[in-house]
1. Would you mind calculating the relative contact order of the chain from Cα pairs under 8 angstrom and at least 6 residues apart, reporting the percent as a whole number?
2. What residue among 93, 182, 50 has the largest mean-square fluctuation in a Gaussian network model of the chain, using Cα springs under 10 Å?
3. Of 85, 104, 170, which is the most mobile in a GNM of the chain whose springs link Cα atoms less than 10 angstrom apart?
4. Please compute the length gained on full extension between residue 11 and residue 32, using 0.36 nm multiplied by the number of residues separating them and subtracting their Cα-Cα distance.
5. So how far, in whole Å, is the C-alpha centre of the range 81-120 from the one of the range 1-51?
6. Grab the beta carbon distance between residue 41 and residue 88, set R0 = 25 Å, and tell me the FRET efficiency rounded to 0.05.
7. Share of Cα-Cα pairs in the range 2-191 beyond 27 Å, in percent?
8. Running a GNM on the chain with Cα contacts under 10 Å, which residue among 167, 181, 112 ends up with the highest mean-square fluctuation?
């Protein structure tokens, strides 16, 4: 089960995905809403927080979640406050009932990760790519358009045309031809 706990929130936040199963994990915590209450609507136990990156809209609720569920946070850079354990490029993490490969995808932010499970064909893309060819902004500190394009290309090479779901950091998840949206994001990033 994958549920976007930020759905319907009218505040500046990222999506926050509860991935339930053998290892119940929150992918990004969102910000500016009570995510702890929303987690408790689905489960009383949380095993970990996994971060796509550490922009404030993705980690604003991190301390509240860690305190409420006594869990650690995993991300790319443990030098960032609140990140307890490092996930390196190519590491495998269990989210719910599936193993995901962590892909270091900088360009939007240096510590950006995507998580890909080839089976069942699910990708958590953070702010790398979004629906309809949109892509992460590069005008913030650590943003770099050329690096972002390389990261999008790298993700596109890793995913198959049979990718079933692309869960993005903002906006709706993509479940119809998600690989095409990644391809389009690469094209649009080159033109912008």
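Every number here is computed from the coordinates shown, using simple stated rules; none is lab data. Just so you know, these numbers come straight off a predicted model, no measurement behind them. Glycine gets a Cβ as well: all are built from the backbone with ideal geometry, and neighbour counts include every protein chain shown.
1. 15 percent
2. Maximum among the listed residues: 93.
3. Among 85, 104, 170, the largest mean-square fluctuation in the Gaussian network model of the chain belongs to 85.
4. 6.9 nm
5. Cα centroid to Cα centroid, the span is 17 Å.
6. With a Förster radius of 25 Å, E is 0.15.
7. 19 percent
8. Result for the chain, Cα springs under 10 Å: 181 fluctuates most.
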